[in-house]
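**Q** The structure follows.
The values are calculated or read from the model by the stated rules, or taken from the named source; none is laboratory data. All values reported here derive from a predicted model rather than from experimental measurement. All Cβ positions, even for glycine, are placed from backbone atoms using ideal geometry, and neighbour counts span all protein chains on display. Surface accessibility is based on the protein's heavy atoms, side chains included, excluding ligands, DNA and RNA. Shrake-Rupley method; radii C 1.70, N 1.55, O 1.52, S 1.80 Å.
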Amino acid sequence: MNAPFFKFGLFGDDVSLIVAFVIGIGFGFFLERAGFGSGRKLAAQFYFTDLTVFKVMFTAIITAMVGLFWLSWVGLVDLSLVYVTPTYIVPQVVGGLILGVGFVVGGYCPGTSCVAAATGKLDAFVYLGGIIVGIFVFGEVFPLVAGFYESTPMGQVTVPQHLGMPYGIMVFLVVLTAVGGFAGASWIEKKMATKVKES
Amino acid sequence: MKFSLNNLTINQKLALIIGSLGFLAVFAGSPYKGFTSTIDSEELATIVEKEVDHVPPEELAGWIITGKADYRLIDLRKESEFLEYHIPTAENIQLPSISDGQLNRTEKIILYSDGGIHSAQAWFLLKANGYKGVYILRGGLEDWKDKILFPRLPDNAPPTEVAAFEKAKLVSTFFGGSPQIGGAAASGVPAMALPKLEAPAGVQPKAGAAKKKKEGC
Amino acid sequence: MSSSEKTLTIDNAAVHKRTIVAREAQPYWNPYIAGLGLGLVLLSSFVIMGRGLGASGAFSSLLAATVNTVTPSHPASNSFYAEYLGDGTKSPLKDWLVFEVLGAIAGGFISGLLAGRVRKTVEKGPRISVRTRFVFAFAGGILMGFGAKLARGCTSGQALTGGALLGLGSWAFMLAVFGGAYAFAYFVRRQWT
């Protein structure tokens, strides 16, 4: 079998939009199931009282990562055809810091705000309006920040490529860190729960 | 207490599964090598034999003039040569990076280089990697020059050829070439300078990078 | 007489209880099960499409389409919008991410409906007013939109997708997001706790 199916021309652009909708349903469904439709639950991540964001996000990351590794290894998926966002390290780190502040101030990220709005959270609608304004501001000042935006390009590079490390070892390290992190997260949650009780 | 899988919670079982799969990944080797494609050698042989994968330069010229945009024209030569002259609408991708994912397997791809050898090698490489619509510009850039840019009307040509030449002259002027009349090279050579790299009127240069919408978030 | 009265009260209680159960939101799933599901959705996107999930790109397409309709001359001169408008042969809204986000809204609604979690509320801590919460939400949205564009993606496209693909920039981005959020959490603690 040849995968990614789309890149092998198994279906065209129009069908891909239907696929997008179906994949989107799954995306939104599991986000809501995890509790990501609630800004309070998302923000609790940053006060150490509920580390669901970390748990869900890293479970998803290691599931997809390990799954993709083995599917490529058996020859089902051509890994080189899966689109990796190119790295521009400095603008990405700065953008990440701004986005992180926006996350804790606003309570959502773009994907979760859609789910929150769909389940009736009024603040999520306001937040969505803010996102549009933020992108508009970026679009308007783009000629000014274009130089910075295009700075420090490193291409479509992965962490193992950059470190000169075998892909499989990196996969294991990430799994190990994540599973260790889960145990740590549960421990922190318990600590915080007793602390809240005492106070 | 005896260790048993049944004593584990669902979370511990999941951790065990993902942990083992991750651990085995260490010994599995590169995931990039796993992909192999099968080549239908008989099918390939038929294609080569019947030359159905060739695009004559006249046909390509026609497509460019009419602004057809359902194909991607790939120049396989060195960058310096590409910058000096290339067929309008062409993009420059060299042989080593041909299957890096810049091209889609669904696209109609037309390859050319100076002669035919590089195109043939790239053609085979792409076919072996599962690209469907790969074509070669017949005769490469050499034929493009001979037939499109600098068509030549031999002395004492029969009337049919003269009529055809009138059309070729128009095409040649469109691409900034110069039609040659008569067998003598002496008059032709100075005029046979490659056209400057300005897109002929009416042809929008395809900006490969800008045209493709980005895939990321 | 007394016995019939008793049955009546029990019935009433049962009816009352049932309405409460129907209205009460179910608890969220075990985060690891939800994460596994999310990971499998992401994996199928890789296998079927050769690309991951995203969200902020859809908003950019929406914005580009709007700006293009209101002032058609404006986006053409700005390479930021041009990227989302493509070659102009089709609407920027006929885009993979736009449809994916529409699906996500539908999926979130379905899940919320099934679990009894669709409710008109405002997510905030007890110490602030709704109006203050809206101001924070709007400000946070602006920062999110700006940051996501600068970083070429948001938590879905960069952290989740890029994280699973082990992209170098995506991992740096992810650490920066958590860093930024944890560093600033103290200043907005009144909003949430």
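**Q** Tell me, what are the semi-axes, in whole angstrom and largest first, of the equivalent ellipsoid of segment C:71-173 as set by the roots of 5 times the Cα gyration tensor eigenvalues? Intermediate values should be presented prior to the final figure.
**A** On the way: eigenvalues 172, 76, 72 Å².
For segment C:71-173, the ellipsoid semi-axes come out as 29, 19, 19 Å.
**Q** Oh, and also: Using the Cα centre of chain A as the reference point, and only Cβ charges (+1 on K/R, -1 on D/E), how large is the resulting charge dipole? Debye, rounded to the nearest 20. If you can, show how the numbers build up before the last one.
**A** Details: 10 positive and 10 negative charges, 156 e Å.
The calculated dipole for chain A is roughly 760 debye.
**Q** Averaged over B:126-139, how many beta carbons belonging to a partner chain fall within 10 Å of each residue's beta carbon?
**A** Working: counts 0, 0, 0, 4, 6, 2, 2, 1, 0, 0, 0, 0, 0, 0.
Across B:126-139, the average partner-chain Cβ count within 10 Å equals 1.
**Q** Residue farthest toward the positive end of the dipole of the protein assembly as shown, with Cβ of Lys/Arg at +1 and Asp/Glu at -1: which of B:ILE110, A:LEU122, A:LEU71?
**A** A:LEU122
**Q** Here is a further query. Taking a probe of 1.4 angstrom, what is the accessible area of C:THR132 in Å², to the nearest 10?
**A** C:THR132 has an accessible surface of roughly 50 Å² with all protein chains in place.
**Q** Apply the Kirkwood formula to segment B:64-185: the hydrodynamic radius equals the inverse of the mean of 1/r over all pairs of different alpha-carbon atoms; give it in Å with one decimal. Write out the running numbers ahead of the final one.
**A** Values: mean 1/r = 0.0636 Å⁻¹.
With all distinct Cα pairs of segment B:64-185 included, I get 15.7 Å.
**Q** A further question on this structure: Taking amide H positions as placed 1.01 Å from N in the peptide plane, with prolines and chain starts having none, which residues 5 or more places from B:LEU73, or on another chain, fall under 5 Å of its amide H?
**A** HN-HN under 5 Å from B:LEU73: B:GLU91, B:ILE110.
**Q** For the full complex of protein chains and a 1.4 angstrom probe, list C:ARG51, C:ARG119 by accessible area with the highest value first.
**A** Values: C:ARG51 25, C:ARG119 115 Å².
Result of the area sort, largest leading: C:ARG119, C:ARG51.
**Q** Name the residue from C:PRO72, C:ALA58, C:ALA106 whose Cα lies farthest towards the positive end of the charge dipole of segment C:32-120, charges +1 on Cβ of Lys and Arg and -1 on Cβ of Asp and Glu.
**A** Towards the positive end, the residue furthest out is C:ALA106.
**Q** Okay, next question. Around A:PHE46, what is the net charge, scoring Lys/Arg as +1 and Asp/Glu as -1 over all other residues with Cβ under 12 Å from its Cβ?
**A** Details: positive: A:ARG40, A:LYS41, C:ARG189; negative: A:ASP50.
Result for the neighbourhood of A:PHE46: +2.
**Q** For chain C, what is the charge dipole size about the Cα centre, in debye to the nearest 20, if Lys and Arg each add +1 at the Cβ and Asp and Glu each add -1 at the Cβ?
**A** On the way: 18 positive and 8 negative charges, 138 e Å.
I would put it at about 660 debye.
**Q** May I pose another question? Just add up the charged neighbours of B:ASP143: K/R +1, D/E -1, any other residue whose Cβ is under 15 Å from the Cβ of B:ASP143. Each step should come with its number before you reach the end.
**A** Numbers: positive: B:ARG77, B:ARG138, B:LYS145, B:LYS147, B:ARG152; negative: B:GLU51, B:GLU58, B:GLU59, B:ASP75, B:ASP114, B:GLU142, B:ASP146.
Result for the neighbourhood of B:ASP143: -2.
**Q** Once amide H atoms are built 1.01 Å from N in the peptide plane, which residues 5 or more positions from A:LYS121, or in another chain, come under 5 Å H to H?
**A** C:THR121
**Q** So what are the ³J(HN,Hα) numbers for segment A:186-196, from phi and the Karplus equation (6.51, -1.76, 1.60; θ = phi - 60°), rounded to whole Hz, Gly and Pro as x?
**A** Karplus values, whole Hz, x for Gly and Pro: 4, 4, 4, 4, 5, 4, 5, 4, 5, 5, 5.
**Q** Are any of the pairs A:LYS55/A:LYS190; C:LYS120/C:LYS149; A:LYS41/A:LYS190 more than 19 Å apart by Cα-Cα distance, and if so, which? Before the final figure, lay out the partial values.
**A** Numbers: A:LYS55/A:LYS190 15 Å; C:LYS120/C:LYS149 30 Å; A:LYS41/A:LYS190 16 Å.
Pairs exceeding 19 Å: C:LYS120/C:LYS149.
**Q** Which whole number gives the average count of other chain Cβ atoms within 10 Å of the Cβ atoms across peptide C:112-119? Provide the component values of the computation, followed by the final result.
**A** On the way: counts 11, 3, 3, 4, 0, 8, 6, 3.
Per residue, the average neighbour count from other chains is 5.
**Q** Turning to a different aspect of this structure: Project the alpha carbons of segment B:5-138 onto their principal axes and report the range along each, largest first, in whole Å.
**A** The principal-axis extents, from largest down, are 75, 36, 26 Å.
**Q** Right, here's the next one. Can you list which of the trypsin sites (Lys or Arg not before Pro) found in segment C:55-118 are DSSP loop residues with at most 15 other C-beta atoms within 10 Å?
**A** Values: sites: C:LYS90, C:LYS94, C:ARG117; in loops: C:LYS90, C:LYS94, C:ARG117.
In loop regions of segment C:55-118 (DSSP not H, G, I, E or B), the sparsely surrounded trypsin sites (Lys or Arg not before Pro) are C:LYS90, C:LYS94.
**Q** I would also like to ask the following. Taking every pair of Cα atoms in segment C:126-193, average 1/r, invert it to obtain the Kirkwood radius, and report Rg/Rh to two decimals. Numbers along the way, then the final one.
**A** Working: Rg = 14.1 Å, Rh = 13.2 Å.
Result: Rg/Rh = 1.06.
**Q** Per Stokes-Einstein, at 20 °C and 1.002 mPa s, what whole-number D in µm² s⁻¹ belongs to segment A:80-176, with the Kirkwood radius over Cα pairs as the hydrodynamic radius? Before the final figure, lay out the partial values.
**A** Values: Rh = 16.2 Å.
It comes out at roughly 132 µm²/s.
**Q** Sticking with this one: Reachable aspartates and glutamates from C:LYS124, Cα under 19 Å, same-chain residues fewer than 8 places away excluded?
**A** Straight-distance partners of C:LYS124: A:GLU32, A:ASP50, A:ASP123.
**Q** Also, I was wondering about something else. Could you give me the percent of Cα pairs per 10 Å distance bin for the protein assembly as shown, shortest bin first, beginning at zero and ending with the bin that holds the maximum distance?
**A** Result, from short to long distances: 3, 14, 22, 22, 15, 10, 7, 4, 2, 1, 0, 0, 0 percent.
**Q** Shifting gears a bit: Given a cut-off of 21 Å, what percent of all Cα-Cα pairs of segment A:13-198 lie beyond it?
**A** On the way: 11316 of 17205 pairs.
Roughly 66 percent, rounded to a whole number.
**Q** Which residues belonging to segment A:1-45 lose at least 50 Å² of 1.4 Å-probe accessible area when the assembly is complete, relative to their chain isolated?
**A** A:LYS7, A:PHE8, A:LEU17, A:ALA20, A:PHE21, A:ILE23, A:PHE27, A:PHE29, A:PHE30, A:GLU32, A:ARG33, A:ARG40
**Q** Right, next: Taking H as built 1.01 Å from N, whose amide H comes closer than 5 Å to the amide H of B:ILE136, not counting residues under 5 places away?
**A** Under 5 Å from the amide H of B:ILE136: B:HIS54, B:VAL55, B:LEU111.
**Q** Let me check against my output: what whole-number percent is the relative contact order of chain C, with C-alpha pairs under 8 Å and at least 6 apart?
**A** Details: 126 pairs, mean separation 47.3, N = 193.
In percent, rounded to a whole number, it is 25.
**Q** Taking the full set of protein chains and a 1.4 angstrom probe, give the accessible area of B:GLU161 in square angstrom, rounded to the nearest 10.
**A** 80
**Q** Something else now. Put a dot 7 Å past each Cα toward the Cβ at C:TYR182 and A:PHE148; how far apart are the dots in nm?
**A** Simple spin-label model gives 2.5 nm for this pair.
**Q** Per residue of A:145-158, what is the mean number of Cβ atoms on other protein chains within 10 angstrom of that residue's Cβ?
**A** Working: counts 4, 3, 0, 1, 5, 0, 0, 1, 1, 2, 2, 6, 4, 8.
Other-chain Cβ atoms within 10 Å of each residue's Cβ, averaged: 3.
**Q** If Rh is defined by the Kirkwood formula over all Cα pairs and Rg also comes from Cα, what ratio Rg/Rh do you get for segment C:32-120?
**A** Looking at segment C:32-120, the ratio lands at 1.09.
**Q** Hey, another quick one. How big is the gap, in Å, between the Cα center of segment A:89-149 and the Cα center of segment A:1-61?
**A** For segment A:89-149 versus segment A:1-61, the Cα centre distance is 18 Å.
**Q** Each residue of segment B:10-17 in order: what ³J(HN,Hα) in whole Hz does its phi give by Karplus 6.51 cos²θ - 1.76 cosθ + 1.60, θ = phi - 60°, with x for Gly and Pro?
**A** 4, 5, 5, 5, 4, 4, 5, 5
**Q** A further question on this structure: How big is the accessible area of A:TYR88 in square angstrom, nearest 10, if you roll a 1.4 angstrom probe over the protein chains?
**A** Near enough 40 Å² of accessible area.
**Q** Using only alpha carbon positions, build the gyration tensor of chain C, then give the equivalent ellipsoid semi-axes as the square roots of 5 times its eigenvalues, largest first, whole angstrom. Walk me through the numbers before you get to the answer.
**A** Numbers: eigenvalues 349, 95, 83 Å².
So the three semi-axes of chain C are 42, 22, 20 Å.
**Q** Go through A:PHE103, C:PHE187 and list them by solvent-accessible area, largest first, probe radius 1.4 Å. Each step should come with its number before you reach the end.
**A** Values: A:PHE103 10, C:PHE187 135 Å².
Greatest to least solvent exposure: C:PHE187, A:PHE103.
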